[in-house]
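Have a look at the structure below, then the notes.
The values are calculated or read from the model by the stated rules, or taken from the named source; none is laboratory data. These figures come from a predicted structure and were not determined experimentally. With ideal geometry, Cβ positions are generated from the backbone for all residues, glycine too; neighbour counts draw on all protein chains shown.
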Amino acid sequence: MKRVIVHVDMDAFFASVEIRDNPKLKNKPVVIGAMPHERGVVSTCNYIARKYGIHSAMNIKEAYRLCPQAVFMHGDYEKYRKVSAQLHHIWETYADVTEYIACDEGYLDVTRSVKEFRSPEELGLLIKARVKAETGLTCSVGIGYSKSAAKTASEEKKPDGFFIIPDREAYCELIHDRDIRVIFGIGKRTAEKLNGYGIHKVSDIIASQKQIMSLLGDKHARFIINSALGLDDRPVIHYDASDAKSLSREMTFQHDQRNFTFLQDVLLLLARNVDERLKKRELYGRTVTLKITYGDMKSITRSQTCESTNDGYEIYKIAVELLRKVKRQPVRLLGLGMQNLSKDYIRQLTFADLRQDNTESGMEQGIRQLEKRYGMDLSLEKMHSSLGYIYEAVEKMAAGI
């Protein structure tokens, strides 16, 4: 059976959500990530801002230099998550299998479900129409015989685009004279390496197969050559959050932090977030990892293996012990994670595990102490446990020390 793959990519997702909710932002360059005076990078920006050279992951101060008249905003990631759930519900209506690359982008294998429509085009246009009608947002849809073809098709007419690459011959004809970066698997460094040997276009890849094999090694080279020839049999694979091997949260401070008591307090909030995410996925972890980036940009990680747990307060206590052993110098970034994740709860039962009462948990007690210390409401109802709300809380906490 000939495969039919759809690639859906929302157009400047975070920025588009903000413009939808505030029409005054329409026709203005919008940058989501941080304010110009803060540390941070561009999370995304709309297409007007991109005309000034702004792009994702750019330092926010560089973005401001390029376009000081832009509207700079912090992201509301809880809101984006809810819109993403709407999108996924729409897409999954039509897909046999879905594979999400990000909250706003995914591959849909519609090989079977497309039979219910007159053509793949009808199905693709219906997906676009439903996204627009139900969320008020635009997306670009590409349809192809493979994942590579579908991804290339969705990029072809952005924004609000629609394009079909029906077969290998059409794909090869389309990309033959394009830059090699059009090939999935060729990043910046690989492109620079190949460019150094005169390989600039896709046609150069086809003409230089032996040279590429010697430059990149068998596996990587073979994948790139096959892609240039339009050969891609990668399946659409549904990602299950429970398959994750690690889970973490990290935070960059607006000002380097020297107060290690404050850093312990931040760890408690990060641990609660990790706790929520583990429990939501019904996962347990066995390795706690602390990450620190100092003011001089040197990064370190420290880990400790423990008994299987998804209890945030246990994770927090281990993280604090790891923090106490590191060098005490100004900290730029603090991160906390759990590794060796599993759905299996493997540990020796203790009386504490068996006890079932209504006493307040260690996490609840710790949060109440923080609320008294900083005079803030840090309840889950208030913070939603999302990273955006944690950032906001930490900045207010830092202002009070």
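Restricting to segment 140-165, what's the tally of residues that are crowded, with 16+ Cβ neighbours inside 10 Å and in a loop (DSSP other than H, G, I, E, B)? Summing the residues that are crowded, with 16+ Cβ neighbours inside 10 Å and in a loop (DSSP other than H, G, I, E, B) in segment 140-165 gives 4.
For segment 31-51, name all the residues that are in contact (Cβ under 8 Å) with a residue 40 or more places away in the chain and either surrounded by 18 or more Cβ atoms within 10 Å (Cβ to Cβ) or not aromatic (Phe, Trp, Tyr) (or both).
Val31, Ile32, Gly33, Ala34, Glu38, Arg39, Gly40, listed by residue number.
Is there a residue in segment 207-223 that is among the aliphatic types (A, V, I, L, M) and closer than 30 Å to Asp104 by Cβ? No, the conditions are met nowhere in segment 207-223. For segment 12-30, the criterion of being within 21 Å of Tyr389 (Cα to Cα) and surrounded by fewer than 19 Cβ atoms within 10 Å (Cβ to Cβ) is met by at least one residue. Determine whether segment 108-120 contains at least one residue that is touching a Lys or Arg at 6+ places or on another chain (Cβ under 6 Å) and closer than 26 Å to Ile390 by Cβ. No, every residue in segment 108-120 fails to be touching a Lys or Arg at 6+ places or on another chain (Cβ under 6 Å) and closer than 26 Å to Ile390 by Cβ.
Of the helices (runs of 4 or more DSSP H) lying entirely inside segment 260-366, the ones with 1 or more residues being modelled with pLDDT of 90 or more are found at 260-280, 312-324.
All conditions in (1) surrounded by fewer than 17 Cβ atoms within 10 Å (Cβ to Cβ); (2) under 22 Å from Tyr391 (Cα atoms); (3) more than 22 Å from the chain's Cα centre (by Cα) hold for Arg81, with the sole exception of (3).
What tally of residues in segment 163-192 results from selecting those that are touching a Gly at 6+ places or on another chain (Cβ under 6 Å), under 24 Å from Met10 (Cβ atoms) and of a type in the set (A, V, I, L, M, F, W, C)? Result for segment 163-192: 2.
Of all residues in segment 179-199, none are within 29 Å of Thr138 (Cβ to Cβ), in a helix (DSSP H, G or I), in contact (Cβ under 8 Å) with a residue 24 or more places away in the chain and over 27 Å from the mean Cα position of the chain (by Cα).
Of all the numbered requirements in (1) at negative phi; (2) aliphatic (A, V, I, L, M); (3) out of contact with any Cys (no Cβ under 8 Å at 6 or more places or on another chain), Ala57 misses one, and that requirement is (1).
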